[in-house]
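The block underneath contains the structure these notes are about, expressed in structure tokens.
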């Protein structure tokens, strides 16, 4: 009977293979755990943190406005008929751009409310989506959008003014305030509340998908430069909501338009 002989070199090779397989398995498990933690952070933690911060800001604005209203120092609200339609091109023509502060921000147009450009200055309410979120100036991620706020495109109009009041918001992560704006339907209402007035817009049309660089959607008379069948031809009092699409990507933009239907003092 022949007894098999196992050479020391063969044993060493087998031991090396086992160590490599074990090390590779540990590495894969570690990478998987890190990726899982990253996904949890992005999808759950950033949403929780941003939503809580946005809710605090909404409450702070309401308290501030209530105090100023009680003291009788609120500014007069601009009337939708007080400003003629303007043909000024917005400084920001790319919905993906991120201006922190518009040029001339310290000198807003006559008759418009003067926002505090360093913080939120309005509240956006969409009853169908059970959404109530602060509006801040600019569309930078770090300064505005990642806080769970909605950002106002620099160079577009302010609430209640003739032209286009254009806003951007995250669809996924960081509070995702605009995640479900695709569910909005014609005649759904959207309210924009400032220190002095509440402006109500009615949803009028939706552009399901356009390029990230379609600056036509935020012009004073909004019309898609990529899909010109979508948009308007006449001056008016418009609201534009923009976000990324499809979900969890930033390749395209989803756009919802509304028209001003009423204004009441706050």
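The values are calculated or read from the model by the stated rules, or taken from the named source; none is laboratory data. Since the structure is predicted, the reported quantities are computational estimates derived from the model, not experimental observations. Cβ sites come from the backbone with ideal geometry, for glycine too, and all protein chains shown count toward neighbours.
Side notes on the structure shown:
- Residue match in region 207-215 (condition: at pLDDT 95 or above, within 27 Å of residue 46 (Cα to Cα) and part of a loop (DSSP other than H, G, I, E, B)): yes
- Verdict on residue 125 being within 12 Å of the chain's Cα centre (by Cα) and either assigned to a strand (DSSP E or B) or over 15 Å from residue 58 (Cβ atoms) (or both): no
- Among the residues of region 221-231, not a single one is surrounded by fewer than 18 Cβ atoms within 10 Å (Cβ to Cβ) and either under 16 Å from the mean Cα position of the chain (by Cα) or closer than 12 Å to residue 256 by Cβ (or both).
- Beta carbons closer than 8 Å, at least 6 apart along the sequence or on distinct chains, pair a first residue in region 129-140 that is free of Cβ contacts under 8 Å to residues at least 24 places away in the same chain with a second that is assigned to a loop (DSSP other than H, G, I, E, B) and surrounded by fewer than 17 Cβ atoms within 10 Å (Cβ to Cβ) for 136/119.
- Subset tally (residues that are in a loop (DSSP other than H, G, I, E, B) and in contact with a strand residue (DSSP E or B) (Cβ under 9 Å, 6 or more places away or on another chain)) for region 230-239: 5
- Restricting attention to region 136-158, the residues being more than 17 Å from residue 47 (Cα to Cα) and part of a strand (DSSP E or B) number 3.
- Annotation note: Cβ proximity below 6 Å between a residue of region 236-261 that is under 16 Å from residue 167 (Cβ atoms) and a residue that is at pLDDT below 95 (sequence gap 6+ or interchain) occurs for 237/80; 242/95; 244/250; 253/95; 260/80.
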